[in-house]
Structures are given as structure tokens and as C-alpha cells.
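The values are calculated or read from the model by the stated rules, or taken from the named source; none is laboratory data. Because the structure is predicted, anything quoted here is derived from the model rather than measured. Quick reminder, even Gly has a Cβ in these numbers, built from the backbone with ideal geometry, and neighbours come from all protein chains shown.
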Amino acid sequence: MQKPYLIVLAGGASSRMWPLREKSLIRFGEHPLLIYQLQRYSALGFSDVVIVGNPENTQIIQDMTSRVTGLQVQVVTQPEPKGMGDALLRAGEVLPLAEHPAVYVTQVHDLTDSALHLEMLDRYRADPSRSYLAGVEREDYFPGGYLIVNGDGRITGIVEKPGAENRPSNLVNIVAHIHSDATRLIDAIKTEYARAATPDDHYERAMDRLMADHPYHVVRYSGQWTALKFPWHVLDVMNFFLGQIDGQNVHPSAFVAKTASLIGNVYIGPDVRIFPGAAVVGPAYVGAGSIVGNNALVRNSMVLNHVDVGFTTEVARSYVADNCALHACRVLDSIFAPGVNFSAGCTTANLRMDRGPVPTVVKGARVDTGLPKLGAIVGQNAFLSVDVMTMPGVKVGEGAQVGPGTHVFHDVPDRTRVYVKQDVQTVSLD
């Protein structure tokens, strides 16, 4: 049986990810997230893929996927972030709808075990007349959609954010959906557009209508699920990939001093230099051409390519992208985009005095991250001068500059300079 057409949703505005850029293109190790996902889908046997991008990333995705072997990839553009229904209508423009193909709809930023996808495909092969939605089993409350399921596993509806006391089940709907007939789905979405043109929940309303006449069944999943929706979720995805490092993988061209320490599961890339007294404590990834200086420490972190982790620097539980420069500083529970300069004496504070969960601001609204520790999230090419201190959950925008000795309590917008004016007094000692 031919596998369903794979539809990968990689559009949206990524506005909640500020100060980071397009989430599907964030690199974890050697490849961007999108490429990792495509490689996995190829290994699962998919062959025909439609990727829905946005105006900012479509060309990048086209160039990137042209080098992926084993997949027939088509990339379409969703001009505006109008929700999944609109994205699927764009995908429908290149699908052979006259043949009523099955489709498997996923999102690039949802990471699960491959076992879920295998189970979804097995269930579809066993009965291709039905459609299937994945339901993640959660005992704790998750602010998302919950599946209404009857005794034989048939889904009769989805309730969005019902509240902890009103959950119809413990099954959270995630976007791993097999629709047995894409033509029927597209027609239902078009019908919903004709009924109401403004909301962005056409896909969900279309499924509600389809469930009344067509069998949708749940595929229960209790494994790991990591979603990249907010910038601090980069650390969750990083840990997902760090967890796949097995043993100590040191490239032959890397230099590791005799008095340096490699502890646990670590990856040391080509031309890395780890100097005397330094320690890399796994799980950890150090990318090509990076330096871990004398007495520096990298632990439970991902340091990408050509990063200078300078003398006595500590990088703990953090993601550091390409070409960052860190000098005798402390990077704790933080995320640095490419090209960040973090000067000597700088520290990312990561713990509130009341030890409560760290809040941050997203699109003007205060959001509880739920994290007991969170440092700074710093945008591309930002420059933080000597002795800068960032408070927990602070974000620093792209190209921003923070002057020496500044304590940063609030987010710094893109391309903005923040500094403390000193009133210097000169007094004669004579």
C-alpha cells in the first residue's frame, strides 16, 4: 500500500519566538530541525512530501531540501499566518486531489519518538478507510485541545483548552493526523471558509463536521513529546537531541589536552580544541572549529560551530549557536543565537530570589514559563559588554548592545543600545 502524502507545516509567523528567528531552521547539531524531521520521515518510508512555508522561509527551505535524497519534496507558501486550514488549502493546490489521496499532516516543531509515526502508519495500513489522530496521554493539565473518545476508540470531538477540571479525557491532540481522503478534507475546509472567513480555526471546525459521518480513531501515545512554540523550548529540543548522543564521539581532527576531561556522553566535532584544565560533561555537543579554553566548563549544553568558550567560562544547560564569543563569563540555562558576544565578567542570572517559576514577556504579555531556572535569550549579533548581568527570563534583541556594568531587568528591543550613565567624580588627593 502506498504511504500517505506527508504534509509538513513549517509556516506561521514565529512571532512568539522573538528574539530568535524561524524555528524550523534552528540548528540542533549538524542540521536544522526541518532537515532532521525529513530524514526521519524518509527512514520511515515516506516518499512524497509537501512542505508549507511562509514568505520568509520558503526559498531557504527550497534550497535546503533540494539536497535531501529519497524524498520528492514540493514547497508551497502560505502568504499570511491564517491557521492550519489555510495552510492545508495551500498544500491541496499541489496534491493529486482527483485521486483522493491519503495525507499525513504533521508540524515541523513537534518532536516525538518514531514509534508514534510507526503506530500511526500501522493503524492506517490495517484499515485505510478510517482516519487517525494521535492522542498524547497526559496526567497533568496541558492548555491545548483534548480528544473526546468513546469506548471503541472513535473520536467524536475536540475540546480546546477545557480547563483542568473539565477534561473529557487525558488525551491531548497533537498534529500527527492521517486523513484517509485529502479531497474530502479540503472540501470540508473550503465549506468552513464559506461559512466564516475571519477565524483561523477552519481546520478544527472541518474535522468536527467530518467526525459526524466519517470514523476518526485515536492512536494513544505515552512517549516523549517536545513542542517548539516559545524560545525557551529550544532547551527542551536541545535536550531531546543531546539524549541521542551515545558514548564519547571525538572527531580524529579534534585536539583534547591530556589534562582536559571528557565525562559522559559527548560529541566533539572536527577541529575542536579543548585546552588544559577544561571539562566537557555530558550530555554535551561541541561543534566544528569551536574552542573550549583553559579551565572552562561545558555541561549539559549544545555549543555549535566556531564558538569561543574562553578561559574559565562556564556554559551549563545552555544552547550556544555559531560564531558566539564567550569570555570568562557564566552562561546558565540560556539560549544564544549566532554571533553573540558575551564579554568578560558577564552572567545570566537564572534563579529568582523567591525560587518561583521564571516569567517572561511574549508579544507584550507576561507568560509563566513554568521553569524553575531560565537565564537569558539573546538574539543574533547582540553585543553584551564587560560585567553585564541579565536577570532571569530577560530577552535581548538582534543587534542590540548592552553597555558595561549594566544590570538588565527588562527585554531589550532589536538594534537598541542600553547602558548606564556614570557620574564620575575626580577628587585631588593633595
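For this structure, a couple of remarks:
- Residues in the stretch 370-402 that are hydroxyl-bearing (Ser, Thr, Tyr) and either surrounded by 24 or more Cβ atoms within 10 Å (Cβ to Cβ) or not assigned by TED's automatic domain parsing to the domain that holds Asp322 (or both): Thr390 only.
- Within the stretch 209-258, the set of residues being of a type in the set (Ser, Thr, Tyr) and within 26 Å of Glu139 (Cα to Cα) comprises Tyr216, Tyr221, Ser222, Thr226.
- Of note, Asp187 satisfies the criterion of being assigned by TED's automatic domain parsing to the domain that holds Ser14 and not small (Gly, Ala, Ser).
- For the stretch 362-378, a residue qualifies if it is free of Cβ contacts under 8 Å to residues at least 40 places away in the same chain and in a loop (DSSP other than H, G, I, E, B), and the qualifying residues are Gly364, Gly370, Pro372.
- Residues of the stretch 258-299 satisfying the condition of being surrounded by fewer than 21 Cβ atoms within 10 Å (Cβ to Cβ), more than 23 Å from the chain's Cα centre (by Cα) and not in a loop (DSSP other than H, G, I, E, B): Ser261, Leu262, Ile263, Arg273, Ala279, Val281, Leu297
- Test: residue in the stretch 146-153 that is of a type outside the set (S, T, N, Q), out of contact with any strand residue (DSSP E or B) (no Cβ under 7 Å at 6 or more places or on another chain) and at positive phi: no
- Leading residue by the ranking (surrounded by the most Cβ atoms within 10 Å (Cβ to Cβ)) among those in the stretch 99-116 that are part of a helix (DSSP H, G or I) and more than 19 Å from the chain's Cα centre (by Cα): Ala115
- Pairs linking a residue in the stretch 137-155 that is not assigned by TED's automatic domain parsing to the domain that holds Ala206 to a residue that is surrounded by fewer than 18 Cβ atoms within 10 Å (Cβ to Cβ) and among the polar types (S, T, N, Q), with Cβ atoms under 7 Å and 6 or more positions apart or on different chains, do not occur.
- Listed by position, the strands (runs of 3 or more DSSP E) contained in the stretch 144-189 that have at least 2 residues being surrounded by fewer than 17 Cβ atoms within 10 Å (Cβ to Cβ) and touching a helix residue (DSSP H, G or I) at 6+ places or on another chain (Cβ under 8 Å) are 155-160.
- Taking the stretch 235-257 as the range and being part of a loop (DSSP other than H, G, I, E, B) and either small (Gly, Ala, Ser) or farther than 13 Å from Pro283 by Cα (or both) as the test, the residues that pass are Gly243, Gly247, His251, Pro252, Ser253, Ala254, Ala257.
- Residue within the stretch 244-253 that is on the phi < 0 side of the Ramachandran plot and at pLDDT below 95 present: yes
- Tyr132 in a strand (DSSP E or B), surrounded by 15 or more Cβ atoms within 10 Å (Cβ to Cβ) and without any contact (Cβ under 8 Å) to a residue 60 or more places away in the chain: no
- Of all residues making up the stretch 331-361, the number that are among the hydrophobic types (A, V, I, L, M, F, W, C), over 17 Å from the mean Cα position of the chain (by Cα) and not in a loop (DSSP other than H, G, I, E, B): 4
- The stretch 48-72, residues that are β-branched (Val, Ile, Thr) and surrounded by fewer than 20 Cβ atoms within 10 Å (Cβ to Cβ): Thr58, Ile60, Thr65, Val68, Thr69
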